[in-house]
Amino acid sequence: MTRYEKKIFNIINTSHSHMTIDEIYNTLKKEEPKVVLATVYNNVNKLVQSGKIAKLSIEGQIDRYDKTLKHDHLICSVCGKISDYSFTDLTAKLEEELGEVIEGYDLRIRYVCPDCRK
Ligand SMILES: [Zn+2]
Ligand SMILES: [Zn+2]
């Protein structure tokens, strides 16, 4: 990994939110004032292509980036907030039902978050 790739990787893995390119750029800029948005964009894409970070594309939202450690997502249908949650691993169940070996699954639960329920 290049210096920028390493820094971006660390930013995403220590973040508790799901950052957009602009948020990654603004965070990296604090350490690397000379960095430009196109460089961040290229490095983020390289990290996605090599499977070190995950791209989170959700309809109606700007792309966000996430760590690759297995977890599920709760998406608020009112404010669009994305939260991490680890549900019980369903791999075995899904394989049994399908009768095939699966490589993984992507679980997105839509709900109304506690803030919007108030
Ligand atoms: Zn909400
Ligand atoms: Zn996540």
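The values are calculated or read from the model by the stated rules, or taken from the named source; none is laboratory data. Since the model is a prediction, treat every value here as computed from it, not as a measurement. Heads up, the Cβs are rebuilt from the backbone with ideal geometry, glycines too, and the neighbour counts pull from every protein chain shown.
Does VAL36 satisfy being among the β-branched types (Val, Ile, Thr), exposed (fewer than 13 other Cβ atoms within 10 Å of the Cβ) and within 16 Å of ligand 1 (Cβ to nearest atom)? Reasoning before the result, please.
Working: among the β-branched types (Val, Ile, Thr): yes; exposed (fewer than 13 other Cβ atoms within 10 Å of the Cβ): yes; within 16 Å of ligand 1 (Cβ to nearest atom): no.
No.
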Q. Does ARG3 fit the bill of being charged (D, E, K, R) and within 29 Å of GLU103 (Cα to Cα)?
A. no
(Q) Restricting to segment 63-83, and then to whatever is of a type in the set (Ser, Thr, Tyr) and part of a strand (DSSP E or B), can you tell me which residue is surrounded by the fewest Cβ atoms within 10 Å (Cβ to Cβ)? (A) SER83
Q. If TYR111 satisfies every condition in (1) within 27 Å of ILE11 (Cα to Cα); (2) surrounded by 13 or more Cβ atoms within 10 Å (Cβ to Cβ); (3) within 16 Å of ligand 1 (Cβ to nearest atom) but one, which is the exception?
A. (1)
**Q.** Pick from segment 76-118, criterion of a type in the set (Gly, Ala, Ser) and more than 15 Å from ligand 2 (Cβ to nearest atom), ranking: farthest from ASP66 (Cα to Cα)
**A.** GLY99
**Q.** Residues of segment 32-67 classified as more than 11 Å from PHE9 (Cα to Cα), of a type in the set (Asp, Glu) and within 16 Å of ligand 2 (Cβ to nearest atom), total
**A.** 1
Q) When ILE58 is evaluated against the numbered criteria (1) touching a Lys or Arg at 6+ places or on another chain (Cβ under 9 Å); (2) among the aliphatic types (A, V, I, L, M); (3) at pLDDT 95 or above, which criterion, by number, is the only one it fails? A) (3)
Q.
Can you pull out every residue in segment 39-75 that is closer than 15 Å to THR2 by Cα and either among the hydrophobic types (A, V, I, L, M, F, W, C) or not assigned by TED's automatic domain parsing to the domain that holds ILE8 (or both)?
A. VAL40, VAL44, LEU47, VAL48, ILE53
Q.
List the residue pairs whose Cβ atoms are under 6 Å apart, where the first residue sits in segment 57-82 and is closer than 14 Å to HIS16 by Cα, the second is more than 13 Å from ligand 2 (Cβ to nearest atom) and assigned to a loop (DSSP other than H, G, I, E, B), and the two are 6 or more positions apart or on different chains.
A. ARG64/THR20; LYS81/CYS113
